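What follows is one structure encoded as structure tokens, with my remarks underneath.
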Amino acid sequence: MQLLIYNTLKRKKEVFEPLNAPHVGMYVCGPTVYGDAHLGHARSAVTFDLVFRHLQHLGYKVRYIRNITDVGHLENDADEGEDKIGKKARLEQLEPMEVVKHFTDRYEQNMDALNCKHPSIEPTASGHIIEQIEMVKTIFENGYAYESEGSVYFDVEKYNKNYKYGKLSGRKVEELLENTRELAGQDEKKNGFDFALWKKADERHIMRWPSPWSDGFPGWHMECSAMGKKYLGETFDIHGGGMDLLFPHHESEIAQSNAAQGKDAVRYWMHNNMITVNGQKMGKSLNNFITLEEFFTGKHEALQQAYSPMTIRFFLLQAHYRSTLDFSNEALQAAEKGMTKLFAAYSTIDKLSASATSSTDVKKYRDLCYQAINDDFNSPILISHLFDLVKIINQVNDKKASLTAEDISFVKQIFDDFLLDILGMKSENSTDNSQLVNYLMNTILEIRKNAKESKDWATADKIRDELNKLNIQIKDTKDGADWSFK
RNA sequence: GGUACCGUGGCCGAGUGGCUAGGCUCUGGUCUGCAAAACCAGCUACAGCGGUUCGAAUCCGCUCGGUACCUCCA
């Protein structure tokens, strides 16, 4: 079965064929660490975690790079802006690197909570200043850059004569020229759409490095080009990021790579869509974002309750990564319930009693699941197939359907492969199978059974209610009582 | 203004020419001492108008509505 990936560059799905199978190189734009991560960051991370996990599941040896932007892009339009990280550092009376460390740690904690696997390498922009300077030099030598007042700019017009600037975002240089806003401080540039490769730092700017041109810092898009090349080679398979990075960030990366090495670096461009709030993009600039920490604790005025990391992950996976996804309490609560149902069924698989024959064909579900995930990582379809299996599991549990021992373990394997391994979901009840808990629960249920037999409903109900408070649910069935974590 | 995308049932969200997506909610039933859970059944949509077609949510055109990018942004 072939894996299809939607390539933004071609605007269609393509069969994925790695350059150097079984090795796959993947580069994803990570966070700028000057603030807490919000739902949008989670979407990008979960999307590419899904890609990473699935590629690994298929047997590829993946080198997954996700950068940490700690140099700080410019704050405003114009190039007069102040380094974001430097600004935050001044405000908080901290060293810039202290800010970087703080938010990097928090980001990693959030991603761990969301059960995102760690990338193979998480390089920082500040740790690769030399590589970036080298690349700027090469672009300069190749004639696609010019120096102005200590800064180096990319000559888009000249580049566009030999290559096509705008092929990723579908923009034309002529149109850009007409539509580029008049911004302050652009007099250093030949054209408004030229972008900085190296920027001279003014005296207030505290993050700065020496270079052949000036004491300054690398331009907006250099780090990804330089670090991608360093760790994945001149050409690599996948480059991912949020759709909002398409232009100008990724467009400029393409230009930089071509200007430096005469060829494209990236074969498959992947972009995840935005999270919206009331139909509007959730973003830092709009100030309508909710941080992951706020979701986990429920401490935000827009939240009716706390939502666990796995609820957030499941919510994200229930939509396709290329669709916008609208945040609402209702949608999150629905995701929470659905997830609970899914995991409840997962743990009943082990309690199922086998029959001599199966009343349903469960073998086909594995193919259906692969079909879904191989079709550009269609996690919502994959999840719908798992829910079909949930129904079958419960039917078997209710003796309304039957499965052979072989089929039961087959179903178990599907859940292990797709729910846990590929979708990266995990049960949030850590004590699930603790022997002691099981023993205690059996004792308690025995007492409750005796109470019920002597029609001591008060005791029976008290046991049930008290356990309920501990998130333990009693289920009375024909064959006696059972229990599970909620 | 330029470029691109989207508009699906009470809510979320798949689907791109013919076959019930799925989840949540709601209603009725089975089970239960009562619940919960589970199961069964019901509610069956595709912005509007026109066109192509034996047949369209799905293709084409127009209209209306919304969003994203064009400035840092996942």
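The values are calculated or read from the model by the stated rules, or taken from the named source; none is laboratory data. Since this is a predicted model, take the numbers as computed values, not measurements. Neighbour counts are summed over all protein chains in view; Cβ atoms, including those assigned to glycine, are modelled from backbone coordinates with ideal geometry. Note: accessible area is taken over every heavy atom of the protein model, side chains too, but ligands, DNA and RNA are not part of it. Shrake-Rupley method; radii C 1.70, N 1.55, O 1.52, S 1.80 Å.
Structural remarks
- Residue in region A:440-454 that is in contact (Cβ under 8 Å) with a residue 24 or more places away in the chain and not in a helix (DSSP H, G or I) present: no
- Just one of the listed residues (A:E301, A:E294) is of a type in the set (D, E), part of a loop (DSSP other than H, G, I, E, B) and closer than 21 Å to A:L332 by Cα, and it is A:E301.
- Residue that is of a type in the set (S, T, N, Q), at pLDDT 90 or above, farther than 21 Å from A:P31 by Cα and touching a helix residue (DSSP H, G or I) at 6+ places or on another chain (Cβ under 7 Å), where the choices are A:N115, A:N110, A:N191, A:N142: A:N142
- Check on A:A37, more than 30 Å from A:W209 (Cα to Cα), touching a residue at least 60 places away in the same chain (Cβ under 8 Å) and surrounded by 22 or more Cβ atoms within 10 Å (Cβ to Cβ): no
Residues are listed down the side, and each one gets a yes or a no for (1) within 16 Å of RNA strand B (Cβ to nearest atom); (2) surrounded by fewer than 17 Cβ atoms within 10 Å (Cβ to Cβ); (3) among the polar types (S, T, N, Q):
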{"site": "A:D367", "(1), (2), (3)": "yes, yes, no"}
{"site": "A:Q371", "(1), (2), (3)": "yes, yes, yes"}
{"site": "A:H385", "(1), (2), (3)": "yes, no, no"}
{"site": "A:K391", "(1), (2), (3)": "yes, yes, no"}
{"site": "A:N394", "(1), (2), (3)": "yes, yes, yes"}
{"site": "A:L403", "(1), (2), (3)": "yes, no, no"}
{"site": "A:S409", "(1), (2), (3)": "no, yes, yes"}
{"site": "A:L423", "(1), (2), (3)": "yes, no, no"}
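- Restricting the first member to region A:314-328 and to residues that are without any contact (Cβ under 8 Å) to a residue 24 or more places away in the chain, and the second to residues that are near RNA strand B (Cβ under 8 Å from one of its atoms) and outside any loop (DSSP other than H, G, I, E, B), the beta-carbon pairs closer than 7 Å and six or more apart or on different chains are A:F315/A:A331; A:F315/A:A335.
- Sole residue being at negative phi, touching a Lys or Arg at 6+ places or on another chain (Cβ under 9 Å) and open to solvent by 40 Å² or more (accessible area, probe 1.4 Å), chosen from A:R464, A:R448: A:R464
- Residue among A:G25, A:G59 that alone is surrounded by fewer than 17 Cβ atoms within 10 Å (Cβ to Cβ) and either without any contact (Cβ under 8 Å) to a residue 12 or more places away in the chain or away from RNA strand B (no atom under 16 Å from the Cβ) (or both): A:G59
- Region A:428-445 - residue that is open to solvent by 80 Å² or more (accessible area, probe 1.4 Å) and under 36 Å from the mean Cα position of the chain (by Cα) and, of those, modelled with the lowest pLDDT: A:S430
- Single residue of region A:255-285 satisfying the filter (assigned to a loop (DSSP other than H, G, I, E, B), at pLDDT below 90 and under 20 Å from A:R322 (Cα atoms)) that is least open to solvent (accessible area, probe 1.4 Å): A:G283
- Search result, residues across region A:24-38 that are within 28 Å of A:A302 (Cβ to Cβ) and either hydroxyl-bearing (S, T, Y) or out of contact with any helix residue (DSSP H, G or I) (no Cβ under 7 Å at 6 or more places or on another chain) (or both): A:G30, A:T32, A:Y34
- Region A:5-19, residues that are over 19 Å from the mean Cα position of the chain (by Cα) and open to solvent by 30 Å² or more (accessible area, probe 1.4 Å): A:L9, A:K10, A:R11, A:K12, A:K13, A:E14, A:V15, A:E17, A:L19
Per-residue answers, yes or no, for (1) in the same structural domain as A:V173 (by TED's automatic domain parsing); (2) out of contact with any helix residue (DSSP H, G or I) (no Cβ under 8 Å at 6 or more places or on another chain); (3) within 12 Å of RNA strand B (Cβ to nearest atom):
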{"residue": "A:K229", "(1), (2), (3)": "yes, no, no"}
{"residue": "A:G233", "(1), (2), (3)": "yes, yes, no"}
{"residue": "A:F236", "(1), (2), (3)": "yes, no, no"}
{"residue": "A:G241", "(1), (2), (3)": "yes, no, yes"}
{"residue": "A:D244", "(1), (2), (3)": "yes, yes, yes"}
{"residue": "A:S252", "(1), (2), (3)": "yes, yes, yes"}
{"residue": "A:Q256", "(1), (2), (3)": "yes, no, no"}
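- Filter result (away from RNA strand B (no atom under 12 Å from the Cβ), among the aromatic types (F, W, Y) and open to solvent by less than 30 Å² (accessible area, probe 1.4 Å)) within region A:286-342: A:F295, A:Y307
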